[in-house]
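Taking it in order: structure first as structure tokens, then the write-up.
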Amino acid sequence: MVPDPERAATYVAEGVVITFTGGRVYHHPSGPSGFNAMRYAWVKKDMRQFDVAQGSEGTVVYSTGYLYGAWPDGTPFEGNRYVDRFVVQGGKIVKMDVWNDSAERILTARGIEA
């Protein structure tokens, strides 16, 4: 969760497809880092579990846990569930899918039933 997209890029394959929350598609780690910079004042992961399996696409890794941090106005949050799914081929990430509860939490904070 350190916002260092150039270092993160050393772990991804050329042509990586990163599908972020809300269906946003990026091809470099700078995309999610830039989006997170707009959504959060800061954010970290409390990584709880990793599951690894061989799939037809390659090695599939799921990381699950919770996000914690602060919204842009400085309001702290914690307990925001996340799931990251990685597909790894030849030691590089070729695909990443990201889900979390941030949108629901933002709606709820604004009095909108999520």
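Filtering segment 46-60 to residues that are within 12 Å of Q89 (Cα to Cα) and open to solvent by less than 100 Å² (accessible area, probe 1.4 Å) leaves G55, E57, G58, T59, V60. What residue, among those in segment 19-30 that are among the hydroxyl-bearing types (S, T, Y) and touching a Pro at 6+ places or on another chain (Cβ under 8 Å), is surrounded by the most Cβ atoms within 10 Å (Cβ to Cβ)? Checking each candidate, the answer is Y26. Among the residues of segment 60-82, those identified as at pLDDT below 95 and among the hydrophobic types (A, V, I, L, M, F, W, C) are W71, F77. When residues in segment 7-23 are screened for being more than 14 Å from I93 (Cα to Cα) and either in a helix (DSSP H, G or I) or in contact with a Leu (Cβ under 8 Å, 6 or more places away or on another chain) (or both), 3 of them pass.
Only one entry in G111, G69, G90, G79 is in contact (Cβ under 8 Å) with a residue 24 or more places away in the chain and surrounded by fewer than 13 Cβ atoms within 10 Å (Cβ to Cβ), namely G90.
Cβ-Cβ under 7 Å, sequence separation 6+ or interchain: first residue in segment 23-39 and in contact (Cβ under 8 Å) with a residue 40 or more places away in the chain, partner part of a helix (DSSP H, G or I) and of a type in the set (S, T, Y). Which pairs? Cβ pairs passing all conditions: R39/S102. Take the conditions open to solvent by less than 60 Å² (accessible area, probe 1.4 Å), of a type in the set (S, T, Y) and under 18 Å from A8 (Cα atoms) and apply them to S33. Does it pass? The answer is yes for S33. Within segment 93-108, the set of residues being in contact (Cβ under 8 Å) with a residue 40 or more places away in the chain and under 16 Å from N36 (Cβ atoms) comprises M96, D97, V98, W99, N100, S102, A103.
The values are calculated or read from the model by the stated rules, or taken from the named source; none is laboratory data. What you see is a predicted model, and the numbers here were worked out from it, not measured in a lab. FYI the Cβ positions are ideal-geometry reconstructions off the backbone, even for glycines, and counts take in every protein chain you see. Keep in mind that these areas ignore ligands, DNA and RNA; they rest on the heavy atoms of the full protein, side chains included. Shrake-Rupley method; radii C 1.70, N 1.55, O 1.52, S 1.80 Å.
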